[in-house]
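Just so it is clear, none of the values below were taken in a lab; they were calculated from the coordinates. Note that the structure is a prediction, hence the values are computed from the model and not measured. Note: ideal-geometry Cβ built from the backbone for every residue, glycine included; neighbour counts use all protein chains shown.
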Ligand code: C5P
């Protein structure tokens, strides 16, 4: 079978990564969580104290990019993807609300995006990849053979993230999460650099009322048509 590039874009917490991961596993493709990369830069900057009061010190963050190495490891047994920052497992920490609350301003920095996009393209140069994010179909891989734009209502998405964090034993408040989902939608869609936007040739998948299995089935059908 021919290997293709699959771009999965959409709003926060609408199940992009769950879908993209299952898809990669079934197809034997590489999976890259591009949001984890922006989260890693955010975590690094938070630890350095470069985001006082939610306002990043842009110059420091840009200089810091040289000292950041982001890698991923897929564990076949647990079927989990783990993100590493300079060799340290940061998977859990980058999902915390503090990182979610600071990631959008970091990802509006053009130099940060430029560096992340460069690394993302490097990962996809041999095809056989599923990448999820906000600008994968529009900027990172404009020639991707399959582009999916996923969406669901803010309430559905907040509810999913709420359950996900609670399951991990984290102390969470639904209204805080809903506010964060809406705030990130706003920043991500209106920022100047690579705003979240459906690519003209992307297929829309509104999954407010679809099970994971139904979404996967729908997507595999689209893959089949292209390979
Ligand atoms: O996908 P996830 O919700 O983990 O992404 C976290 C944040 O990273 C998004 O809210 C967005 O600000 C940023 N992001 C981005 N471009 C991507 C992926 C994520 O700007 N391709």
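Take the alpha carbon gyration tensor of the range 16-121, find the square roots of its eigenvalues, order them as a ≥ b ≥ c, and report rounded if a/c is under 1.5; if not, report prolate when a/b exceeds b/c, else oblate.
Because a/c hits 1.5 or more and a/b exceeds b/c, the range 16-121 counts as prolate.
Express the relative contact order of the chain as a whole percentage, based on alpha carbon pairs under 8 Å and six or more residues apart in sequence.
On the way: 329 pairs, mean separation 76.2, N = 227.
Normalised by residue count, the contact order of the chain is 34 percent.
Can you tell me the order of 199-208, 2-11, 48-57, 124-133 when each peptide is scored by its average per-residue count of other Cβ atoms within 10 angstrom, highest first?
2-11, 124-133, 199-208, 48-57
Hey, quick one: spin label on residue 153, modelled 7 Å out along Cα-Cβ, who in the range 180-217 has an amide N within reach, i.e. under 14 Å?
207-210
Roughly how many whole Å is it from the C-alpha centroid of the range 35-57 to that of the range 110-150?
If we compute the Cα centre of each part, the gap is 22 Å.
Using the basic label-point model (7 angstrom from Cα toward the beta carbon), what is the residue 118 to residue 173 distance in nanometres?
With each label point 7 Å from Cα toward Cβ, the separation is 4.1 nm.
Specify whether the C-alpha gyration tensor of the range 5-226 places it in the rounded, prolate or oblate class, a ≥ b ≥ c being the square roots of the eigenvalues: rounded for a/c under 1.5, otherwise prolate if a/b is larger than b/c and oblate if not.
Values: a/c = 1.45, a/b = 1.24, b/c = 1.17.
Cα axes put the range 5-226 in the rounded bin.
Rounded to the nearest 0.05, what FRET efficiency do residue 97 and residue 72 have when you use their Cβ-Cβ distance and R0 = 30 Å?
0.85
How far apart, in nm, are two points set 7 Å out from the Cα along the Cα-to-Cβ line at residue 163 and at residue 190?
3.1 nm
Per DSSP H run of n ≥ 4, the term is -39500 (n - 2.57); total these for the chain, divide by its residue number, and report the mean residue ellipticity at 222 nm rounded to 500 deg cm²/dmol.
Computed ellipticity for the chain at 222 nm equals -14500 deg cm²/dmol.
I need the peptides 17-27, 172-182, 65-75 ranked by packing, meaning the mean over residues of other C-beta atoms within 10 angstrom, with the highest value on top.
Highest-to-lowest ranking by the protection proxy: 17-27, 172-182, 65-75.
I'd like the FRET efficiency for residue 212 and residue 62, computed as 1/(1 + (r/R0)^6) with the beta carbon distance as r and R0 of 45 Å, rounded to 0.05. Don't skip to the answer; put the middle values down first.
On the way: r = 38 Å, r/R0 = 0.86.
That pair, residue 212 with residue 62, gives E of 0.70.
Out of all DSSP beta bridges in the range 5-226, what portion is antiparallel? Express it as a percent rounded to 5. It would help to have the intermediate numbers written out before the result.
On the way: 8 of 26 bridges.
Among the beta bridges of the range 5-226, antiparallel pairing accounts for roughly 30 percent.
Per 0.36 nm of contour for each residue apart, how much would the distance between residue 183 and residue 3 grow if the chain were fully extended, relative to their Cα-Cα spacing?
On the way: separation 180, 0.36 × 180 = 64.80 nm, distance 3.66 nm.
Computed gain between residue 183 and residue 3 is 61.1 nm.
Taking the simple approach of a point 7 Å from Cα along Cα-to-Cβ for both residue 224 and residue 143, what is their distance in nm?
2.8 nm
What FRET efficiency comes out for the pair residue 53/residue 197, r = Cβ-Cβ distance, R0 = 41 Å, nearest 0.05?
0.90
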